[in-house]
1. Checking G101 against (1) under 30 Å from R287 (Cα atoms); (2) at pLDDT 95 or above, which test does it fail?
2. What number of residues within the stretch 194-211 are β-branched (V, I, T), free of Cβ contacts under 8 Å to residues at least 40 places away in the same chain and open to solvent by less than 30 Å² (accessible area, probe 1.4 Å)?
3. Checking K19 against (1) surrounded by 14 or more Cβ atoms within 10 Å (Cβ to Cβ); (2) in contact (Cβ under 8 Å) with a residue 40 or more places away in the chain, which test does it fail?
4. State all residues of the stretch 89-107 that are hydrophobic (A, V, I, L, M, F, W, C) and buried (at least 19 other Cβ atoms within 10 Å of the Cβ); if no residue qualifies, say none.
5. For I167, are the conditions met, namely being among the β-branched types (V, I, T) and either farther than 26 Å from K274 by Cα or open to solvent by 60 Å² or more (accessible area, probe 1.4 Å) (or both)?
6. Can you tell me how many residues within the stretch 286-326 are over 18 Å from F173 (Cα atoms) and modelled with pLDDT of 90 or more?
7. Specify the residue that is nearest to the chain's Cα centre (by Cα); the eligible residues are those in the stretch 57-88 that are within 17 Å of L108 (Cβ to Cβ), open to solvent by 30 Å² or more (accessible area, probe 1.4 Å) and of a type in the set (V, I, T).
Amino acid sequence: MPDFIGDNVILLSFLKNLKKNMTQNSELVILSPQNMIEFFKDFDFIDKIFEKKEKTKHPAQFLISNKIDTIIVLDFSLVWSIAAYISQIKQRVIPNLLRSGVKNSRFLQTFFTHIVKNTSINSKISQKEVYLNYLKQLGMSIFKKTSSYPEKKHPQLIKKHKPSAFIHTSASFFSKKWPLENWEKVLEFMEDKFDITYIGEKNKKENILSEKFKLHDLRGTLSIKDTLNLLKNADLLLTTDSSPAHLGALAGTKNIIIIYGPTNHIQWKPESEKSNIIQIYSDLPCRPCQMRFCRSLECIKQISPERIINEIKSNKDFFQSLSTYD
């Protein structure tokens with residue numbers, strides 16, 4: 001599995017359909033990032049879960065001892081590519097490297113029995129469809145495209161006096177981060193209208209927001225499952241293009257506003273039957289790009305605080321949420 005939380009959430013439909021295509025006595029085993037293990041335990045279509053980094057120490061031995069006969073390397077890894085090859089696994093599957101700008105790779109042809117077609121960063125196909133297309137290319141059927149988090153009822157102990165809003169300001173790449181001064185202007189508008197909770201990783205530079213505004217600062221304290229359970233009852237999630245956007249969609253958060261930098265918003269749009277998802281981005285000719293190398297950041301700098309504020313003001317769903325507490 002990939003390292004990023006959002007990718008893992010999007011892959012749920014892929015895993016569910018993969019399991020449905022497997023024979024009755026087969027097992028679906030995943031190698032998961034450490035922080036996703038508890039999350040994956042709630043899905044009954046996954047039979048065994050192992051921590052990815054721990055098994056990387058002796059990958060070939062792990063594959064042989066667990067009698068793995070098919071391996072799908074969803075996140076390119078030289079270590080697992082070689083381990084799969086020397087373990088003589090019958091079916092070794094990997095997406096091509098088109099995302100990295102490589103059209104053909106002799107390396108993949110040497111180490112893998114099946115190379116499925118990937119898409120470029122400019123693709124107009126959602127990432128969930130890309131993953132499901134891997135299965136189609138392998139001759140499998142798609143039974144159901146949607147996947148949801150298992151329902152667990154949690155009592156609402158505290159009556160809300162204001163609609164609840166969650167904000168997430170951090171991101172895995174610098175190019176996805178929206179300037180803090182913009183967040184301040186939006187929070188000035190939101191502060192007296194919402195009960196605001198601050199989630200994500202703890203970052204000293206971003207402490208200014210929790211110091212300046214009335215926020216429930218839960219950064220650095222929540223597990224993925226904690227975050228999901230909180231977002232189930234949220235009226236609004238305002239986030240960068242990062243994992244909470246996908247967790248909010250999975251949880252069914254009423255309204256989700258996502259601020260995009262250079263990422264392809266079509267490719268990485270979260271999907272939810274319950275959420276009103278609003279994507280905010282700059283329509284520039286240089287978008288999308290390889291975010292790791294972009295330095296101008298015009299795409300995210302051009303998104304003004306007023307644009308977010310106007311989105312909240314003008315959206316009917318927000319008005320319905322706000323009027324409930326008037």
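The values are calculated or read from the model by the stated rules, or taken from the named source; none is laboratory data. Since the model is a prediction, treat every value here as computed from it, not as a measurement. Note that each Cβ is placed from the backbone with ideal geometry, even for glycine, and that neighbours are counted across all protein chains shown. Accessible surface is based on the protein model in full, side chains and every heavy atom, while ligands, DNA and RNA are left aside. Shrake-Rupley method; radii C 1.70, N 1.55, O 1.52, S 1.80 Å.
1. Condition (2) is where G101 drops out.
2. So the first thing to find is which residues in the stretch 194-211 are β-branched (V, I, T), and the list is 196-197, 199, 208.
With free of Cβ contacts under 8 Å to residues at least 40 places away in the same chain added as a condition, the list becomes 196-197, 208.
When the remaining residues are screened for being open to solvent by less than 30 Å² (accessible area, probe 1.4 Å), the result is 196-197.
Looking only at that region, the number is 2.
3. (2)
4. Taking the stretch 89-107 as the starting set, the residues that turn out to be hydrophobic (A, V, I, L, M, F, W, C) are 89, 93-94, 97-98, 102, 107.
Answer for the stretch 89-107, where residues must be hydrophobic (A, V, I, L, M, F, W, C) and buried (at least 19 other Cβ atoms within 10 Å of the Cβ): I89, V93, I94.
5. On the way: among the β-branched types (V, I, T): yes; either farther than 26 Å from K274 by Cα or open to solvent by 60 Å² or more (accessible area, probe 1.4 Å) (or both): no.
For I167, the condition - among the β-branched types (V, I, T) and either farther than 26 Å from K274 by Cα or open to solvent by 60 Å² or more (accessible area, probe 1.4 Å) (or both) - is not met.
6. Step one: filter the stretch 286-326 for residues over 18 Å from F173 (Cα atoms), giving 304-326.
Subsequent filtering for residues that are modelled with pLDDT of 90 or more retains 304-312.
Of the residues in that region, 9 qualify.
7. The selected residue is I72.
Quick grid of which residues meet (1) open to solvent by less than 50 Å² (accessible area, probe 1.4 Å); (2) out of contact with any Gly (no Cβ under 7 Å at 6 or more places or on another chain); (3) of a type in the set (F, W, Y):
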{"site": "N229", "(1), (2), (3)": "yes, yes, no"}
{"site": "D235", "(1), (2), (3)": "yes, yes, no"}
{"site": "G261", "(1), (2), (3)": "yes, yes, no"}
{"site": "W268", "(1), (2), (3)": "yes, yes, yes"}
{"site": "E273", "(1), (2), (3)": "no, yes, no"}
{"site": "Y281", "(1), (2), (3)": "no, yes, yes"}
{"site": "P288", "(1), (2), (3)": "yes, yes, no"}
{"site": "R295", "(1), (2), (3)": "no, yes, no"}
{"site": "S304", "(1), (2), (3)": "yes, yes, no"}
